[in-house]
Amino acid sequence: MAEHRQSRKRRHITWGVAGATVLAGAGIAAQTSTAATTWPAQKTYTGRAFDTCTAPSLAAMKAWRTNGFYGAAAVYIGGRNRGCAQPNLTASWVKSVNSVGWKLIPLYVGAQPPCQTSGNPERFTASTAASLGVSNARDAVAKAAALGMKAGSPVYLDMEPYDITNKACNDAVLTYVRSFTKTLRAGTYRAGYYGFSSSSAKAVATATNRTDLPGNLWYALWDKQNTTTADWPWDPELYTDHSRGHQYMVNSKETRGGYTITVDRNAWDAPVALVG
C-alpha cells in the first residue's frame with residue numbers, strides 16, 4: 001500500500017508555476033468556526049510546493065529558495081505516527097526559512113483507522129475516535145504554536161489509505177476527522193486534510209454530511225499533472241476558494257544549489273502558516 005512520506009521509503013514534493021502569496025479574507029464559512037471569533041486573515045500561497053520526510057537544513061532551504069522553483073514546503077509538525085526525526089524543525093528554523101521567503105505547510109500525522117493495513121503505533125476505534133480527535137488536535141495546535149505558526153494558520157491532518165467501503169471503519173474516520181477539525185477551529189487554527197483520491201480524501205470529499213469537515217483538501221493523485229482543477233475528481237463546487245492542494249508526483253530526487261533532496265511535488269492553492 002502506498003503511503004505518505006512518513007519514512008524515508010515514502011513520498012513528498014510539489015511544482016507548478018512561480019508562486020504568489022495573497023492575503024485573503026478569513027470569512028470562508030467552511031474554513032472558520034461559526035463562533036464569534038475574530039479570525040486572522042488567511043495567508044494563501046498559489047504555486048509550487050514540496051514535501052519531504054525530514055525538514056531540510058537551513059542551508060539547504062536557503063539554497064533551494066534562490067533557485068526559485070518552489071515557494072512552499074510542507075513540514076511534519078507532530079503526531080505519534082510521524083515517521084521521521086525532525087532535528088532541524090525548530091521555532092528558529094521556521095522564522096529563518098520564513099525570512100528568506102518560504103511559505104510553510106504544517107502537516108500532522110494523527111491517529112489512523114482501525115481497518116488500515118500498517119504498523120502505525122496510534123489508531124482509533126469507533127469508541128475512541130472522538131476523544132482522540134480532540135487530544136490529537138490539541139497537540140497539533142500546541143506543536144504549531146511552539147514552532148511560531150500563529151493562530152489562523154492551517155494544520156493539515158494526514159490520513160493514509162484505508163478501505164472506505166468498510167462502513168464501520170469509514171464512519172469512525174469521519175467521527176475522528178470531525179472531532180479533530182472542530183477542536184482545531186476552537187483553537188483558531190484552520191483545518192486542512194491530506195488524503196488519497198481513491199480512499200481517504202474521497203471519504204471527506206464525498207461525505208453527504210458536511211458538518212465539521214476540513215475546509216481545505218490536499219489530495220494525492222499521482223498523475224503528474226500540475227493542477228488543482230483539471231483533474232479534480234469530485235464536485236467542482238467543493239473547495240473552490242483557495243482551498244486545494246494536489247500531490248501529483250512522488251519520490252523525485254532533485255539537486256538545487258548543491259543540495260540533493262528526495263521530495264514529492266504538489267500544485268498548491270490553499271492556506272499556509274502565519275509566521276512572525
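Across the accessible surface of the chain, with the other protein chains kept in place and a 1.4 Å probe, carbon and sulfur atoms take up 53 percent.
Pull out a ≥ b ≥ c, the square roots of the eigenvalues of the alpha-carbon gyration tensor of the chain, then state rounded if a/c is under 1.5, prolate if not and a/b is larger than b/c, and oblate in the remaining case. Since a/c stays below 1.5, the shape of the chain is classed as rounded. Look at the Cα gyration tensor of segment 131-276: its axes a ≥ b ≥ c give a/c of at least 1.5 with a/b at or below b/c, and that counts as oblate.
A full extension of the chain between Thr165 and Lys253 corresponds to an added length of 28.2 nm, given 0.36 nm per residue minus the alpha carbon distance. Ranked by solvent-accessible area (1.4 Å probe, protein heavy atoms only, all chains present), the residues Met149, Met249 order from largest to smallest as Met249, Met149. Largest to smallest in accessible area, the residues Ser135, Ser92 fall in the order Ser92, Ser135 (1.4 Å probe, all protein chains included). Which of Asp163, Asp264, Asp235 moves most in a GNM of the chain, Cα contacts under 10 Å? In this elastic network of the chain, the residue with the biggest mean-square fluctuation among Asp163, Asp264, Asp235 is Asp235.
Of Lys167/Lys202; Lys43/Lys253; Lys224/Lys253; Lys143/Lys182; Lys150/Lys202, which sit over 19 Å apart, Cα to Cα?
Among Lys167/Lys202; Lys43/Lys253; Lys224/Lys253; Lys143/Lys182; Lys150/Lys202, the Cα-Cα distance tops 19 Å for Lys43/Lys253; Lys150/Lys202.
When each of the peptides 195-201, 40-46, 108-114 is scored by the mean number of other C-beta atoms lying within 10 Å of its residues, the order from highest to lowest reads 108-114, 195-201, 40-46.
Each residue was assigned an accessible area with a 1.4 Å probe, and for Lys224 the value is about 140 Å².
Computed with a 1.4 Å probe over protein heavy atoms only, the accessible surface of the chain comes to 39 Å² per residue. Taking Thr175, Thr52, Thr208 in turn, the Gaussian network model of the chain (Cα-Cα springs below 10 Å) assigns the largest fluctuation to Thr208. Only protein heavy atoms count here; on that basis, with a 1.4 Å probe, Thr117 has an accessible area of about 100 Å². Between Ser131 and Thr66, the FRET efficiency estimated from the beta carbon spacing at R0 = 41 angstrom works out to 0.35. Shape class of segment 59-104 from the alpha-carbon gyration tensor: prolate, with a/c at 1.5 or above and a/b greater than b/c.
Using 0.36 nm times the number of residues separating Glu122 and Thr90, minus their current alpha carbon distance, what extension gain do you get?
9.1 nm
Nearest-5 percent of antiparallel DSSP beta bridges in segment 206-276? In segment 206-276, DSSP labels about 70 percent of beta bridges as antiparallel.
The values are calculated or read from the model by the stated rules, or taken from the named source; none is laboratory data. Keep in mind the model is a prediction, meaning the values are calculated, not measured. We place every Cβ from the backbone using ideal geometry, glycine too, and count neighbours over all the protein chains shown. Accessible surface areas use protein heavy atoms only, side chains included; no ligands, DNA or RNA. Shrake-Rupley method; radii C 1.70, N 1.55, O 1.52, S 1.80 Å.
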